[in-house]
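K.L.:
Could you have a look at this structure, given as structure tokens, before my questions?
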Amino acid sequence: MAAAAASLVGLYFYQPQVELSLLAGAGWLTLVAFLGTILSYRVQGSTFGAVSFIPFLTAFVLYPSWATVGIVGASAMVAELIKPKMAIKRAFNVSQIVLAGCISSACYLLLGGRALQIDPSFQPIPHIAAVVVFLLVNTLAVAAVIGLAEGKSIIKTWAGGNSAGLVYDIVAIPGVFAFARAYVDWGGWGVGVLCALILGLRLTYQSKHQLETTNKELLELFVHTVEFRDPYTSGHSQRVSRYSRIIAQVVGLTPKEIDRISIAALLHDVGKIHEIFAPILMKPGRLTPEERAIMELHPIKSAELVAKISDLQDIVPSVRHHHENWDGTGYPDQLKGKEIPLGSRIIMFADTIDAMTTDRPYRKALGEAEVREELRKFRGIQFDPDICDALVGSPDFRRLFDSSDSGKVHSLTQILEIVRKRVKTPAVA
């Protein structure tokens, strides 16, 4: 709030004069943005998506001034007051829009940009800078709040939440100019077209993401159903998914690769739903060789089930081979070394760590030092030696045993954080 107020005062002193006749466009566009905001929809939990940032940015390039930012801020405040929300969240959401708008407008003016209502030609450098700066300030503000509240790295939070939306940010650059020209050339008709586009985007995004969320939640429900058969694996798949995410981060994979591996880890045991495993899973004692041979079929059954979902074809190998050992003694296909998919090698670590850190009838859960020793003991035998060295030598190894992090299990629904990445707002709390 302090930064927003200071930036607004700074923008006023930089260019105090205001041409009132040029504020009409800002007024119309904030009305469109207001429509986009009140038509926001639930993405996940208390996170909402909206499609209001293009009208805001269009207002800034139509007439970059402190008055335009003030109109946008007032519109955002009214929109915030319509829905029940904590006062601190309202203040943050309005302040971050004002802050981003002031810095974006200042960049536009400092780089020689002229209001599009005065000069409707495309001014590439100031225009691109204004859009990029607005999005950067907006998303960094949200990442900072999340990072500080949850004790996470702000940069990592920002990168993880916005990398998948890069294409949408790039599309926004010409999109903002197109909307601005629509108003300059067509006036109120241009605003009407913009309203129709905003409503269409809203309905499209809402339908798409509701369908995706429902599908993912059904998959998660399926995972829970499988685990109900085995009293000793309740929550196992969710923990393996979380561990896999941590290990993949340690290895240095991209956010997209981490997401896909965490999905594969969540689904790695779904094949156990098959009826041939039911009596074995309910058995309290150790398995006979025949029963163990049957259980070794579960990666194949899991892969067959996952393969039925077209969007998950790329993770089928990771699911099928998560019990392959580095030295080739695993199952079901006795792959060895780097023949084993990277995702499978990571899930092998996560799966084994969860087994070691869970109480079983025949032994107590192992501690951090004991798990580290076991991983080193089977380095190059069961485990990829490079991943083993990176994991046991990383400070993030302790996160596997951090009980305060247990609530951050990476479910399939949470994987749809990509929804928030794609629905570029301004992001809101």
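K.L.:
What are the residues in the stretch 166-205 that are over 16 Å from Leu135 (Cα atoms), surrounded by 15 or more Cβ atoms within 10 Å (Cβ to Cβ), β-branched (Val, Ile, Thr) and at pLDDT 70 or above, if any?
P.N.:
Val184
K.L.:
Six or more apart or on different chains, Cβ atoms under 8 Å: show the pairs whose first residue is in the stretch 6-31 and within 14 Å of Ser105 (Cα to Cα) and whose second is β-branched (Val, Ile, Thr).
P.N.:
Close Cβ pairs (under 8 Å, with a partner that is β-branched (Val, Ile, Thr)) amount to Ser7/Val98; Ser7/Ile103; Leu8/Val69; Leu8/Val98; Leu11/Val69; Ala26/Thr68; Ala26/Ile71; Ala26/Val72.
K.L.:
Okay, next question. Check Asn215, Asn138 and return the single one that is of a type outside the set (Ser, Thr, Tyr) and at pLDDT below 85.
P.N.:
The unique qualifying residue is Asn215.
K.L.:
Only one of these conditions is not met by Ser163: (1) surrounded by fewer than 17 Cβ atoms within 10 Å (Cβ to Cβ); (2) at pLDDT 85 or above; (3) touching a helix residue (DSSP H, G or I) at 6+ places or on another chain (Cβ under 6 Å); (4) not aromatic (Phe, Trp, Tyr). Which number is it?
P.N.:
All conditions pass for Ser163, except number (2).
K.L.:
How many residues are of a type in the set (A, V, I, L, M), farther than 24 Å from His321 by Cβ and open to solvent by less than 90 Å² (accessible area, probe 1.4 Å) if we restrict to the stretch 279-298?
P.N.:
0
Conditions (1) closer than 17 Å to Val223 by Cα; (2) over 30 Å from the mean Cα position of the chain (by Cα); (3) β-branched (Val, Ile, Thr); (4) in a helix (DSSP H, G or I), marked per residue:
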{"residue": "Leu287", "(1), (2), (3), (4)": "no, yes, no, no"}
{"residue": "Arg292", "(1), (2), (3), (4)": "no, yes, no, yes"}
{"residue": "Ser302", "(1), (2), (3), (4)": "yes, no, no, yes"}
{"residue": "Val316", "(1), (2), (3), (4)": "yes, no, yes, yes"}
{"residue": "Gly328", "(1), (2), (3), (4)": "no, yes, no, no"}
{"residue": "Tyr331", "(1), (2), (3), (4)": "no, yes, no, no"}
{"residue": "Ile347", "(1), (2), (3), (4)": "yes, no, yes, yes"}
{"residue": "Asp354", "(1), (2), (3), (4)": "yes, no, no, yes"}
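K.L.:
Return the residues of the stretch 248-265 that are more than 14 Å from the chain's Cα centre (by Cα) and either at pLDDT 95 or above or not in a loop (DSSP other than H, G, I, E, B) (or both); say none if nothing qualifies.
P.N.:
Ala248, Gln249, Val250, Val251, Ile261, Ala264, Ala265
The values are calculated or read from the model by the stated rules, or taken from the named source; none is laboratory data. Quick caveat: nothing in here was measured; it's all calculated off a predicted structure. Using ideal geometry, Cβ is built from the backbone for each residue, glycine included, and neighbour counts are taken over all protein chains shown. Side chains are part of the model used for accessible areas, which takes the heavy atoms of the whole protein and leaves out ligands, DNA and RNA. Shrake-Rupley method; radii C 1.70, N 1.55, O 1.52, S 1.80 Å.
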